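The values are calculated or read from the model by the stated rules, or taken from the named source; none is laboratory data. Predicted model only: the values in this text are computed from it and were never measured. Note that we place each Cβ from the backbone using ideal geometry, even for glycine, and neighbour counts take in every protein chain shown.
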Amino acid sequence: MGSLASLGDKRPATASGVTVRSASTPLIGPSAKGKALDIEATFSLEDADRFGLKVRTGAGGEETVIGYDTTSQELYADRTRSGAGDFTSTGVEVFAEGGSAALNRMQAWQPKSIWP
């Protein structure tokens with residue numbers, strides 16, 4: 001992970017110990033937002049059917065869902081509500097459907113710009 005960390009800010013945004021039950025919880029603060037983020041997260045499954053992160057959340061219900069389906073045992077990305085592509089949505093949320101899951105730890109780095 002050292003190589004990924006070197007591409008981003010020196011101090012990552014962090015979150016830990018967030019448990020959600022059939023809901024979505026925003027990760028508050030400016031460091032938990034970004035147009036582009038490198039995210040590393042670990043979860044503990046309790047009894048949720050699906051759980052994960054919603055990124056690029058914003059006005060009008062825009063979101064891109066990155067989750068894990070416990071029934072099919074598959075990781076998925078759902079962009080059906082990703083918006084018009086104007087890149088104004090920048091929030092991050094943790095979610096669980098059909099039960100509970102816990103975000104044990106998350107680190108998110110905003111990548112450095114490639115432009116001088």
Keeping to the range 73-105, report how many residues are among the aromatic types (Phe, Trp, Tyr) and part of a strand (DSSP E or B). 2
Selection within the range 60-72 - in a loop (DSSP other than H, G, I, E, B) and in contact with a Leu (Cβ under 9 Å, 6 or more places away or on another chain): 70
Among the residues of the range 97-116, count how many are more than 20 Å from residue 37 (Cβ to Cβ), out of contact with any Leu (no Cβ under 9 Å at 6 or more places or on another chain) and surrounded by 11 or more Cβ atoms within 10 Å (Cβ to Cβ). 2
I'm checking my understanding of the structure. Among residues of the range 24-59 that are of a type in the set (S, T, N, Q) and at pLDDT 95 or above, which one is nearest to residue 115 (Cα to Cα)? 42
State the number of residues belonging to the range 36-47 that are over 14 Å from residue 18 (Cα atoms) and assigned to a loop (DSSP other than H, G, I, E, B). 3
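With respect to residue 21, determine if the residue is at pLDDT below 95, farther than 16 Å from residue 105 by Cα and surrounded by 14 or more Cβ atoms within 10 Å (Cβ to Cβ).
When the stated conditions are applied, residue 21 does not pass them.
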Can you name every residue in the range 46-61 that is surrounded by 14 or more Cβ atoms within 10 Å (Cβ to Cβ), hydrophobic (A, V, I, L, M, F, W, C) and more than 27 Å from residue 11 (Cα to Cα)? 48
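From 88, 64, which residue is modelled with pLDDT of 85 or more and either crowded, with 17+ Cβ neighbours inside 10 Å or of a type outside the set (Lys, Arg) (or both)?
64
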